[in-house]
Amino acid sequence: MYTITKRYTNLKAAHRQWKHPGHCAGIHGENWTIDFTFKSDTLDNQNFVIDFGNLGALKKFLEDNFDHTLLLDKDDPCLPDLQLLVFRYPTMAKIVPLASASAEGIAKFVFDFASDFIHAKTNGRVFLARVEVYEDEKNSASYFSAYNP
């Protein structure tokens, strides 16, 4: 089995953990780094798992969701009020509602997109093994599928 890892850095997005009893309940910024580990038991005609240059749609997905955005839980009680403010002042923020805006939830959100993307891009030859999300240089969370072809 071959594996490769692609890292995207300097993804500047704010989030909040509204259920947290401490300071993480407030909106705060992070400088996210996300690692993708892809695997395949065969190489392409260039002898690559995948050419990193073919990951443009993945980069765009990250830019759309993590470039100066506000990540919030879909059940955050402040979400409707914040959405109303953004409706009234569109340049104030771009809100991205997620099942969970924790590093763990972000890892799952990104994994789901990237897994479908890589499967379609390679006609099922390459699988996403793992996504690791770093909120800073000390803390990370990862998500991987129990399915292991």
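The values are calculated or read from the model by the stated rules, or taken from the named source; none is laboratory data. What you see is a predicted model, and the numbers here were worked out from it, not measured in a lab. All Cβ positions, glycine included, derive from the backbone under ideal geometry; neighbour counts span all protein chains shown. Side chains are part of the model used for accessible areas, which takes the heavy atoms of the whole protein and leaves out ligands, DNA and RNA. Shrake-Rupley method; radii C 1.70, N 1.55, O 1.52, S 1.80 Å.
Which percent, nearest 5, of DSSP beta bridges in the chain are antiparallel?
Numbers: 23 of 30 bridges.
Approximately 75 percent, going by the DSSP bridge assignments.
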If you rank ASP73, ASP44, ASP81 by how much accessible surface each has, with a 1.4 Å probe, what is the order from largest down?
ASP81, ASP44, ASP73
With a 10 Å cut-off between alpha carbons and a GNM built on the chain, which of GLN17, GLN83, GLN46 moves the most?
GLN46
Could you tell me which of THR42, LEU11, LEU85 has its Cα farthest along the dipole of the chain towards the positive end, charges placed at Cβ (Lys, Arg +1; Asp, Glu -1), taken about the Cα centre?
THR42
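Sum -39500 (n - 2.57) across every DSSP H segment of at least 4 residues in the chain, then divide by the residue count to get the 222 nm mean residue ellipticity, nearest 500.
Details: 3 runs with 40 residues, N = 149.
Computed mean residue ellipticity for the chain: -8500 deg cm²/dmol.
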Residues of the chain: accessible area per residue at 1.4 Å, in Å²?
58 Å²
Hey, got the Cα dimensions of the chain along the principal axes, in Å, largest first?
51, 30, 25
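Can you send over the carbon and sulfur percentage of the accessible area for the chain, probe radius 1.4 Å, protein chains only? Can you show the working numbers first?
Working: 4540 of 8600 Å².
After summing per-atom areas, the C and S share lands at 53 percent.
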Which order do you get for ARG130, ARG88 if you rank them by accessible area with a 1.4 Å probe, largest at the top?
ARG88, ARG130
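Determine the relative contact order of the chain: mean sequence separation of Cα pairs under 8 Å and six or more apart, normalised by residue count, in whole percent. List each step's numbers first, then the result.
On the way: 263 pairs, mean separation 38.9, N = 149.
Over the chain, the number comes to 26 percent.
Which order do LYS6, LYS12 take when ranked by solvent-accessible area (1.4 Å probe, heavy atoms of all protein chains), largest first?
Numbers: LYS6 55, LYS12 85 Å².
I get LYS12, LYS6, largest accessible area first.
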Sorted by chain and number, the residues with a modelled amide H under 5 Å from that of GLU30, at a separation of 5 or more or across chains, are ALA13, ALA14, HIS15
If amide H atoms are built 1.01 Å from N in the plane of the peptide, which residues on other chains or at least 5 residues away come under 5 Å of the amide H of ALA129?
THR37, PHE38, LYS39
Spatially close lysines, pair count over the chain: Cα under 16 Å, gap of eight or more or interchain
14
Report ³J(HN,Hα) in whole Hz for each residue of segment 129-134, in order, from the Karplus equation J = 6.51 cos²θ - 1.76 cosθ + 1.60 where θ = phi - 60°; Gly and Pro get x.
7, 6, 10, 10, 10, 9
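Ratio of alpha-carbon Rg to the 2.2 N^0.38 Å globular estimate for segment 1-83, to two decimals, please.
Numbers: Rg = 17.4 Å, N = 83, 2.2 N^0.38 = 11.8 Å.
In units of the 2.2 N^0.38 Å rule of thumb, it is 1.47.
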Counting only protein heavy atoms and leaving out ligands, DNA and RNA, the solvent-accessible surface of MET92 at a 1.4 Å probe, in Å² to the nearest 10, equals 100 Å²
